[in-house]
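The block underneath contains the structure these notes are about, expressed in structure tokens.
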Amino acid sequence: MRALRIAVFLLLVAPAAARAGDATIVSQDLPVAKARSLATATAPTRFDLVGFHWQGSGGVLFRTRSLAGRWSAWRPAAPEPEDRPDAGSAEGQGRRGWRLGSPYWVGASDRVDYRVVGTVRRLRAWYVWSAVERTPLRTVAMAGSPRVVSRAGWHANEEILRGRPRYAPSVAFAVVHHTAGTNDYGPAASAAIVRGIELYHVRANGWNDIGYNFLVDRYGQIFEGRAGGVDRNVIGAHAEGFNTGSVGVAVLGNYSSASLTPAAERSLVKLLAWRLDVAHVDPLGVVTRLSGGNAKYRRGTPVLLRAISGHRDTGFTSCPGARLYAKIPGVARRVAATGLPKLYAPQARGSLGGAIRFTARLSSAGAWTVTVRSSAEQVVARGTGSGQAVSWTWDSAAAPADTYTWTIEAGPATLPAQGTIAPVVRPPPATPAPPLLSGLSVGPAVLSPDGDGIDDSATVSYTLGAKSAVTATVADATGAVVATLFADQVQSARRQSFPYAADGLADGAYTLTITVRSPAGQTATATAPLAVDRTLSGLMLSTPILTPNADGSADTLAIGFTLAVPAQVTVQVEQAGVVVTTAVSEQFPAGPGQVTWDGSTPAGPAAAGTYDVAVIVQGPFGETRHAASFAIQP
């Protein structure tokens, strides 16, 4: 077909390079030819990275001509449309109405051929020139981290950043990407590619900074991505709807058909092992995250993800390519085996002035210590124990108002976990008139309505300050009402409660809402989270009385249960609420499961007395705990 020659309309030219590492970007509006017709654009400047923006529901194909006159293969302009900030964030509003193509590293080039497919109303090309430097890259390392090329090392342009870094409360999982573009680049070009992506993400897409938290090249070089601290929970712009609480790692190149190089795989493993260790995340675990909204998962949809997921797990995309995606399970296993021992899922539950329970899980059994310090660094409480499960409770009733720090340690080879406990903010003095509705609670918050008699129903309680008409409803994660428990039921001004069995609800996260209307026309509404999780059922003990005296009768206790799906299971023996020993803590397959306990503990044989067996399962929608009592007799 005859090529369509076009006039250049220059929108933006960055200043000419004035220091090492500077890159320039130029945009050009392109005429939209008839669908599938070939059009040619002579770039207003040489470029080595290119991307396209367009308006309309169609797509764009392109190829580039090198300075030596060779044409590349045809490529789709936007293979990864969900490499972007969350839709509701201020950062995501910069180019509303435009579809944002990914930046492609194409090497030194001067011309573009393009075709549109379907409806495309406007089309804009962005040309980036990022010079390849031959100087060695400076790397840095923190305690336990691999060598990382810092932002200063790859000459990030800090002057173009549009906003300060934003931080999530924690990192719960990692998302692996590829950047697309060519795999045919030398080790000296990697920093130029990263600089080009930064410039494209900021100047073309309107983002605050480069979207990825880290980038890894085919030679194993690791680059710091978005600013804010490599060991901090920086919110990136790499997986729409799932940026908060994740760390995004992109491998430079296209791995749809090409294999990941051994050097890149080794660095990916080292990076993920360190970063997830900093976050105390089990690389072989799973997490449930609520989507922030994208084309695949509506806002509020709970999504079960692996601790190391591919980008395609969070949205409609082929990223990180079939070859790299197939590597992820093996990478996760290697990450889990790197840098042992490790401490996973540290938590402090409770508030100052009451009981605060500290829990965690170790990759292997060992001695552990929980230490609580005042703001003056004085030790105010300490608990110790051994085993794979960390569990200790601090009674802070006598503790003065202060901000306390806590640390969970498990030896010098394990990265400790830390956190803070702040004073409870007391509510203002109560007004003479009591609130119309207060104190809504649902217990237990996680139901397993499977007919085994354990957590089959919940008790809903609340307090009415005046006689009112009350309506109770249950809504799913999308906000749709799935059950109306009662409507406009007149109730007295007192503490009210009723049982609720969620037999007809599928497993998932829900919200229970109580709406109140008084005779005077006042209204009030309260909500409480509720989850249905039938992962665990059928807890049974082989005997109510354990007699571990080697007489061949009731010497061991068989603990049976059933799992609906594979899950992490912890079976522990407790006495008066204190964990005596952890019988097992490991992943179990779906179906019947059994654990046998012979009455031994780390301190020796268990003494005679009454005990509880607790089976604790981390299900897709929360922690489920089923318990049964038994006795030990000589």
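The values are calculated or read from the model by the stated rules, or taken from the named source; none is laboratory data. Quick caveat, the model's predicted, so the values are computed rather than measured. Quick reminder, even Gly has a Cβ in these numbers, built from the backbone with ideal geometry, and neighbours come from all protein chains shown.
List of remarks:
- Considering residues of the stretch 583-607 that are of a type in the set (G, A, S) and loosely packed, with under 12 Cβ neighbours inside 10 Å only, the residue modelled with the highest pLDDT: G591
- Screening F173 on (1) closer than 25 Å to G51 by Cα; (2) under 19 Å from the mean Cα position of the chain (by Cα); (3) of a type in the set (A, V, I, L, M, F, W, C) shows it passes everything except condition (1).
- Scanning the stretch 578-622 for residues that are in contact with an Asp or Glu (Cβ under 8 Å, 6 or more places away or on another chain) and among the hydroxyl-bearing types (S, T, Y) yields a single hit, Y611.
- Elements of type strands (runs of 3 or more DSSP E) in the stretch 205-268, at least 2 residues being on the phi > 0 side of the Ramachandran plot and not acidic (D, E): none
- Scanning the stretch 181-195 for residues that are of a type in the set (S, T, Y) and either modelled with pLDDT of 95 or more or assigned to a helix (DSSP H, G or I) (or both) yields a total of 1.
- Test for D555: is it assigned by TED's automatic domain parsing to the domain that holds G451, surrounded by 14 or more Cβ atoms within 10 Å (Cβ to Cβ) and farther than 30 Å from R494 by Cα: no
- Which listed residue, of S461, S441, is among the small types (G, A, S), in contact (Cβ under 8 Å) with a residue 40 or more places away in the chain, at negative phi and in a strand (DSSP E or B): S441
- Within the stretch 49-74, residues that are over 20 Å from G107 (Cβ atoms) have Cβ atoms under 6 Å from residues that are basic (K, R) and surrounded by 16 or more Cβ atoms within 10 Å (Cβ to Cβ) in these pairs: H53/R124; W54/R99, counting only partners at least 6 apart in sequence or on another chain.
- Any chance G538 is under 19 Å from D456 (Cβ atoms), surrounded by 13 or more Cβ atoms within 10 Å (Cβ to Cβ) and either of a type in the set (V, I, T) or over 31 Å from the mean Cα position of the chain (by Cα) (or both): yes
- Subset of the stretch 611-634 [more than 28 Å from T535 (Cβ to Cβ) and at pLDDT 90 or above]: A631, I632, Q633
- Selection of the stretch 463-499 for residues being closer than 26 Å to G300 by Cα and either of a type in the set (S, T, Y) or in contact with a Cys (Cβ under 8 Å, 6 or more places away or on another chain) (or both) yields T471, T473, T478, T484.
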